[in-house]
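Please read the structure below before turning to the comments.
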Amino acid sequence: MVEEVYIVDFLRSAFSRSRPKQPEKDVFNKIDMPAVAAMLVKEMINRTGIDPKEIGDIITGCTMQMKENWLYGGRVIPLLAELPVEVPAQGTERVCNSGTSAMHQCAMEIMLGYSEITIACGIEHMTHLPMQMDLNPHLGVSPTLMSRPDLIQKYDLMTAMSMGFTAEKLFEVYKDEIGWTKRDLDEWGVRSHKLAAKALKEGWFRNGEGYPTKREGEILPVEVEQADGSKKVIDSDQSIRPDTTLDQVEKLPPAFKPGGVITAGNSSPLNAGATAIMLMSKKKMREYGLEPMAKIVSIGWAAIDPSIMGASPVPASLKALKHAGLEVKDIDYWEINEAFSVVPIFAIKKLGLDPDRVNVKGGAIAIGHPLAASGPRVTGTLARILAVEEARYGCATLCGAGGQGGATIIENVNI
C-alpha cells in the first residue's frame with residue numbers, strides 16, 4: 001500500500017540578485033546557502049514542534065555542488081542545523097530540477113514506508129558559483145562527450161550548453177506553430193514583475209497576508225553582513241522591479257545572439273537563495289496535530305531534446321497527470337518556472353491553459369531562479385495559492401538544463 005504524503009511546512013529565504021562580477025553588490029555575498037538552508041530547517045522544526053530524531057532523511061538539491069556548495073553527502077545541512085547525529089541526509093542533482101528531485105525522493109521514501117518525516121531543500125549561490133563557464137572556473141563538461149562531433153551534432157550540444165541559446169531555438173522551432181512574437185515574451189516579463197510587486201506590496205510572501213489560517217509567510221528573514229560591515233535583514237526578493245514597463249523591456253538588447261529575442265527583460269536573473277519543504281505521512285501528521293498545506297498527489301519527470309530544454313515541463317506535467325488520473329482541465333492553478341518567458345508561454349499554448357491561472361503571484365523573471373531552490377519554491381508557493389483561492393488542484397513544473405522537466409501535482413485537502 002502506498003502511503004499518502006503531505007506538505008506540512010514550506011519556508012525559504014528571500015532571493016538575492018547575484019552579481020558574479022561585482023560580488024559586493026549581492027546582499028548574500030557574505031553568507032553561503034548551506035548555512036541558510038540549515039536556518040530554514042531549524043525554523044521549520046521549531047514551527048512544527050517535531051522531534052528531529054524522527055526525521056527519516058534530509059535531501060538537498062544543488063546544481064553547483066562544488067566549493068562552498070559541496071554537500072558532504074548532504075550532511076552539511078543537518079550538521080549546521082545541529083540536529084541529532086542519527087539524522088541521515090543526501091545531496092542530489094538534476095540541474096534546475098535538483099530541488100524538485102530532492103522533494104520527489106523525499107515523497108517516495110514516505111510513499112514506500114521508509115520514512116515518515118522528510119525535508120527537501122534546494123540551494124544555489126549564483127554570485128559565487130554561477131552556471132556559466134566564463135564566470136565559474138570550477139565548471140566543466142565531460143571531455144569525452146565534447147570530443148564526439150557525432151554526438152555534438154546529433155544533440156546540438158553547442159546550443160544545449162547555453163540556456164539562452166536553447167530559449168532562442170525553442171522560439172524559432174515553434175514560431176509558426178505557436179505564432180508568438182518577441183512582444184509576447186516581453187509582455188510576459190512585465191507581467192511577472194507587476195504580479196510579484198503586487199504580492200510583495202500586499203505582504204503575501206513575507207507575512208502570510210490573505211492566508212486563511214494563522215500560518216506564517218514563506219520567507220524567513222536572514223541577517224547578513226554587508227560589504228560595508230553593517231548588518232542587514234533580508235526579507236524580500238531583490239530582483240522584483242515594480243516600475244518595469246513594456247517600453248523599457250522592449251528596448252533591451254538581445255542577451256545571447258545578435259538579432260535574438262531573448263533579453264534580460266524576458267529571462268530570469270542570476271540569484272542566490274535557499275528553500276526547504278517538510279513532508280509527512282498522514283499518521284505522523286496526525287500524531288503531531290498538524291494541518292497539511294497540501295497533499296502530493298503525483299510526480300512526473302521527462303526528458304526531451306536538450307537543445308530546446310524549455311519545452312520539458314509539458315511532457316513532465318502530462319506524465320504526472322496520467323499517473324494521478326487527472327486531465328489538464330482538472331488543474332486549478334499552475335506554477336511554471338520562468339527560466340525564460342518562452343517556457344510558460346509554450347506550456348500554456350501546448351496544454352491549452354488559461355494564462356490567468358498561471359504564476360498568479362509572478363514568477364522567476366521577477367522573483368528569481370536560484371536553480372535548485374526553484375522546485376520547492378514553486379511547489380510551496382502553489383500550495384499557498386490553492387489555500388488562498390480555495391482551489392483543489394495545482395501543478396508546479398520546471399524545465400532544466402539537459403532537456404529534463406519535473407512536475408508535482410498537489411491537492412488542497414482543506415476545502
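For the range 1-26, what are the residues that are assigned to a loop (DSSP other than H, G, I, E, B), in contact (Cβ under 8 Å) with a residue 60 or more places away in the chain and over 20 Å from ILE277 (Cα atoms)?
VAL2, SER18, ARG19, PRO20, LYS21, ASP26
Could you grab me the full set of residues in the range 138-190 that are in a helix (DSSP H, G or I), without any contact (Cβ under 8 Å) to a residue 60 or more places away in the chain and basic (Lys, Arg)?
Correct list: LYS154, LYS175.
Filter the range 61-82 for residues that are in a loop (DSSP other than H, G, I, E, B), crowded, with 18+ Cβ neighbours inside 10 Å and among the hydrophobic types (A, V, I, L, M, F, W, C) and give the result.
MET64, LEU71, ALA81
Check the range 132-152 and report whether any residue there is within 19 Å of the chain's Cα centre (by Cα) and under 24 Å from PRO306 (Cβ atoms).
Yes.
Kindly indicate which of SER312, SER307, SER317 is touching a Lys or Arg at 6+ places or on another chain (Cβ under 6 Å) and either surrounded by 23 or more Cβ atoms within 10 Å (Cβ to Cβ) or modelled with pLDDT of 95 or more (or both).
SER307
Just checking, how many residues over the range 366-415 are among the hydrophobic types (A, V, I, L, M, F, W, C) and on the phi > 0 side of the Ramachandran plot?
Summing the residues that are among the hydrophobic types (A, V, I, L, M, F, W, C) and on the phi > 0 side of the Ramachandran plot in the range 366-415 gives 1.
Answer yes or no: is there a residue in the range 330-343 that is touching a residue at least 40 places away in the same chain (Cβ under 8 Å), of a type in the set (D, E, K, R) and within 18 Å of LEU185 (Cβ to Cβ).
yes
Please determine, by comparing only the residues of the range 386-405 that are surrounded by 24 or more Cβ atoms within 10 Å (Cβ to Cβ) and in contact with a Phe, Trp or Tyr (Cβ under 7 Å, 6 or more places away or on another chain), which one is farthest from VAL297 (Cα to Cα).
Filtering the range 386-405 for residues that are surrounded by 24 or more Cβ atoms within 10 Å (Cβ to Cβ) and in contact with a Phe, Trp or Tyr (Cβ under 7 Å, 6 or more places away or on another chain), the one farthest from VAL297 (Cα to Cα) comes out as GLY405.
Can you find a residue in the range 276-296 that is in a loop (DSSP other than H, G, I, E, B) and of a type in the set (Phe, Trp, Tyr)?
yes
Quick one: count up the residues across the range 266-297 that are surrounded by fewer than 21 Cβ atoms within 10 Å (Cβ to Cβ), under 28 Å from CYS399 (Cβ atoms) and hydroxyl-bearing (Ser, Thr, Tyr).
So the answer is 0.
Exactly one condition in (1) touching a residue at least 60 places away in the same chain (Cβ under 8 Å); (2) surrounded by fewer than 24 Cβ atoms within 10 Å (Cβ to Cβ); (3) farther than 21 Å from MET131 by Cβ; (4) not charged (D, E, K, R) is not met by GLY352; state its number.
(1) is the only condition that GLY352 fails.
Would the range 158-175 turn up any residue that is in contact with an Asp or Glu (Cβ under 7 Å, 6 or more places away or on another chain) and either over 30 Å from ALA387 (Cβ atoms) or charged (D, E, K, R) (or both)?
Among the residues of the range 158-175, not one is in contact with an Asp or Glu (Cβ under 7 Å, 6 or more places away or on another chain) and either over 30 Å from ALA387 (Cβ atoms) or charged (D, E, K, R) (or both), which makes the answer no.
If PHE205 satisfies all but one of (1) of a type outside the set (S, T, N, Q); (2) buried (at least 18 other Cβ atoms within 10 Å of the Cβ); (3) at pLDDT below 95; (4) in a loop (DSSP other than H, G, I, E, B), what's the number of the condition it fails?
Here PHE205 clears every test but (4).
Being among the β-branched types (Val, Ile, Thr) and either under 16 Å from ALA373 (Cβ atoms) or assigned to a loop (DSSP other than H, G, I, E, B) (or both) is the filter here, so list the residues in the range 39-60 that pass it.
Those that are among the β-branched types (Val, Ile, Thr) and either under 16 Å from ALA373 (Cβ atoms) or assigned to a loop (DSSP other than H, G, I, E, B) (or both): VAL41, ILE50, ILE55, ILE58, ILE59, THR60.
I need the full set of residues from the range 229-263 which are in a loop (DSSP other than H, G, I, E, B), within 23 Å of GLU172 (Cβ to Cβ) and within 22 Å of the chain's Cα centre (by Cα), in order please.
Result: ILE262, single match.
The values are calculated or read from the model by the stated rules, or taken from the named source; none is laboratory data. Source: prediction; values computed, not measured. Heads up, the Cβs are rebuilt from the backbone with ideal geometry, glycines too, and the neighbour counts pull from every protein chain shown.
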